[in-house]
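Asker: Dropping the structure in here first, questions after.
All of the numbers you see were taken from the coordinates with simple rules; none came from a lab. Being a predicted model, the structure only gives us computed values, none of them experimental. Reconstructed Cβ throughout: ideal geometry from the backbone, glycine too, with neighbour counts over all protein chains shown.
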Amino acid sequence: MFTGIIAEQGHVLSIERDGDSSATVRLHAPGTTEGLALGGSIAVNGVCLTATDIDGKEFSVDVMGETLVRSTIGELAPGDAVNLERCVPAGGRLDGHVVQGHVDGVGLLLEREPQGNWERLRFGVPGNLARYIAEKGSIAIDGVSLTVTAVSPAAEPEPWFEVGLIPTTLAETGLGSKTTGGRVNLEVDVLAKYTERLLAFAGPRPAVTGEAATSGGAR
């Protein structure tokens with residue numbers, strides 16, 4: 001589990017792809033590798049990945065096809081900066097919100113507007129994810145925990161949402177340099193997804209028939 005508080009921006013050293021089925025990404029990250037054990041979990045631009053090789057200030061992660069399809073990891077190139085966060089230890093402080101590192105889809109930066117020393121960003125969101133995003137709710141964008149400040153109407157054919165970025169977020173994460181048209185990884189609030197799934201099973205329970213129906217009777 002993660003909290004969406006970025007600890008470091010690392011840099012991609014190489015990415016080796018095996019078609020669309022998998023890839024291996026090599027990254028340089030002096031702070032992240034300190035104390036990192038083989039098999040440790042790291043969120044790379046919000047995607048939970050496993051350290052498969054560690055050498056000094058560098059580490060590698062393997063990426064499967066599902067992750068390449070669902071996120072922007074496959075679009076990385078050598079030299080690209082990425083947001084990094086180590087998994088939160090048991091008993092650690094939850095400064096952001098509960099982030100699983102399970103990216104739900106990719107959004108598109110539509111607008112960014114300076115507001116004094118902070119900025120307003122608007123992102124386009126896939127229609128199947130819009131229902132999980134609520135004003136004043138939480139969302140992870142490229143692994144950064146943010147508060148949703150505005151959302152499009154439910155009937156909007158091209159849904160969007162907005163967030164505000166303070167100077168620290170602008171300076172310490174990749175969102176500060178993201179240009180209009182840039183793609184970002186989105187993870188919506190897991191509580192919204194579980195609530196929808198539970199409601200899908202709500203309603204009258206089917207009648208119990210046969211031996212199971214009488215097993216609780218008098219003896």
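Asker: What number goes with the only condition from (1) surrounded by fewer than 16 Cβ atoms within 10 Å (Cβ to Cβ); (2) within 14 Å of residue 110 (Cβ to Cβ) that residue 182 does not pass?
Answerer: (1)
Asker: Please name all residue pairs, on different chains or six or more residues apart, with Cβ atoms under 8 Å, provided the first residue is in segment 22-51 and is under 13 Å from residue 71 (Cα atoms) and the second residue is in a loop (DSSP other than H, G, I, E, B) and of a type in the set (Asp, Glu).
Answerer: If the second residue must be in a loop (DSSP other than H, G, I, E, B) and of a type in the set (Asp, Glu), the pairs left are 45/142; 46/142.
Asker: Same structure again: Just to be sure I understand the filter: pairs with C-beta atoms under 6 Å, separated by 6 or more residues or on different chains, first member in segment 1-12 and acidic (Asp, Glu), second member outside any strand (DSSP E or B) and surrounded by fewer than 20 Cβ atoms within 10 Å (Cβ to Cβ). Which pairs pass?
Answerer: The qualifying pairs are 8/31.
Asker: Shifting gears a bit: Can you pull out every residue in segment 28-41 that is of a type in the set (A, V, I, L, M) and either in a strand (DSSP E or B) or farther than 23 Å from residue 18 by Cβ (or both)?
Answerer: Listed by number, the residues that qualify are 29, 36, 37.
Asker: Follow-up question, since we're still on this one. Filter segment 115-134 down to the residues that are closer than 24 Å to residue 7 by Cα and free of Cβ contacts under 8 Å to residues at least 24 places away in the same chain and list them by number.
Answerer: none
Asker: Consider residue 169 against the criteria (1) hydroxyl-bearing (Ser, Thr, Tyr); (2) under 15 Å from residue 106 (Cα atoms); (3) assigned to a helix (DSSP H, G or I): it satisfies all of them except one. Which criterion is unmet?
Answerer: Tallying (1) hydroxyl-bearing (Ser, Thr, Tyr); (2) under 15 Å from residue 106 (Cα atoms); (3) assigned to a helix (DSSP H, G or I), residue 169 fails exactly one: (2).
Asker: Based on what the data block shows, is residue 4 loosely packed, with under 14 Cβ neighbours inside 10 Å and part of a loop (DSSP other than H, G, I, E, B)?
Answerer: Working: loosely packed, with under 14 Cβ neighbours inside 10 Å: no; part of a loop (DSSP other than H, G, I, E, B): yes.
No: the conditions fail for residue 4.
Asker: Kindly list the number of the only condition in (1) over 23 Å from residue 9 (Cα atoms); (2) in contact with a Pro (Cβ under 7 Å, 6 or more places away or on another chain); (3) not small (Gly, Ala, Ser) that fails for residue 135.
Answerer: Result: residue 135 passes all but (2).
Asker: From the list 37, 90, 81, 23, pick out the single residue that is surrounded by 18 or more Cβ atoms within 10 Å (Cβ to Cβ) and of a type outside the set (Val, Ile, Thr).
Answerer: 23
Asker: Now a separate question. Mind telling me which of the residues 74, 56, 79 ends up being touching a Pro at 6+ places or on another chain (Cβ under 9 Å) and over 20 Å from residue 1 (Cβ atoms)?
Answerer: Step by step, each of 74, 56, 79 is checked, and only 56 is touching a Pro at 6+ places or on another chain (Cβ under 9 Å) and over 20 Å from residue 1 (Cβ atoms).
Asker: Please go through segment 135-153 and pick out each residue that is farther than 23 Å from residue 1 by Cα and either without any contact (Cβ under 8 Å) to a residue 12 or more places away in the chain or assigned to a strand (DSSP E or B) (or both). Outline the logic, then answer.
Answerer: Our first condition is that a residue be farther than 23 Å from residue 1 by Cα; within segment 135-153, this holds for 135, 149-153.
Listed by number, the residues that qualify are 149, 150, 151, 153.
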